[in-house]
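Visitor: Here it is: the structure, laid out below.
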Amino acid sequence: MTRILNVVGCKNSGKTRTIELLVPVLHDLDLQVGTLKHTQHDGFNWDVKGKDTYRHYEAGSIITGIFGNSSFAFNLNRDGLVSPCVDDLVRVFYRDLDLVIIEGLKSDPGLKVEVCRPDYSDREVVPASEILATFGVSLFNRDVSHFDYGHERELGQHIANNLNRLRTVDSE
């Protein structure tokens, strides 16, 4: 059973840096952790004109993919195709892990760490009821656990102590 933790915040609030700080802390707490980045950008560009996979696309391939020993990517090249949901991705690629940290997926129903940074965090991103903790600078008056910059170990321990509250994805 894999648990899901979302790290959310405004653009440039420090979500990626927060994950970089948390992963080694959580590993030190004996958790097997993976990460997944959500993007709003449609069709982020890994498929470069002139390369084999791009030529497959130009030839009319409906789904274009590439894989190697330790990486892979796919493009859905036709309108109406639906990307796999987060739970399906977790079941296939993260099933043997304790925790998946998803960056930037505000719509996930699971609990979140909201990253707050002055001059970048101009609003609350999710309601307090969806927050496990906030990290960075306490900018909004909410009744949730808060951890200042430099207190990544404490935040990691808080996450580990609250694993049972995080949303789960069963491996089926």
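The values are calculated or read from the model by the stated rules, or taken from the named source; none is laboratory data. Keep in mind the model is a prediction, meaning the values are calculated, not measured. Neighbour counts run over all protein chains shown; Cβ positions are idealised from the backbone, glycine included.
Visitor: How many residues does the stretch 76-124 hold that are surrounded by 19 or more Cβ atoms within 10 Å (Cβ to Cβ) and over 15 Å from the mean Cα position of the chain (by Cα)?
Guide: Result for the stretch 76-124: 3.
Visitor: Please return the ranges of strands (runs of 3 or more DSSP E) entirely within the stretch 1-108 where 1 or more residues are farther than 28 Å from Ser121 by Cα and modelled with pLDDT under 95.
Guide: The strands (runs of 3 or more DSSP E) meeting that bar are 63-67, 72-76.
Visitor: Would you mind finding the one in Asn162, Asn141 that is surrounded by fewer than 19 Cβ atoms within 10 Å (Cβ to Cβ), more than 17 Å from the chain's Cα centre (by Cα), within 29 Å of Asp96 (Cα to Cα) and not aromatic (Phe, Trp, Tyr)?
Guide: Only one candidate passes the filter, namely Asn162.
Visitor: Any residue in the stretch 131-160 that's without any contact (Cβ under 8 Å) to a residue 24 or more places away in the chain and at negative phi: show its pairings with residues that are surrounded by fewer than 16 Cβ atoms within 10 Å (Cβ to Cβ) and hydroxyl-bearing (Ser, Thr, Tyr) at Cβ separation under 7 Å, as long as the two are six or more apart or on different chains.
Guide: Close Cβ pairs (under 7 Å, with a partner that is surrounded by fewer than 16 Cβ atoms within 10 Å (Cβ to Cβ) and hydroxyl-bearing (Ser, Thr, Tyr)) amount to His146/Ser138.
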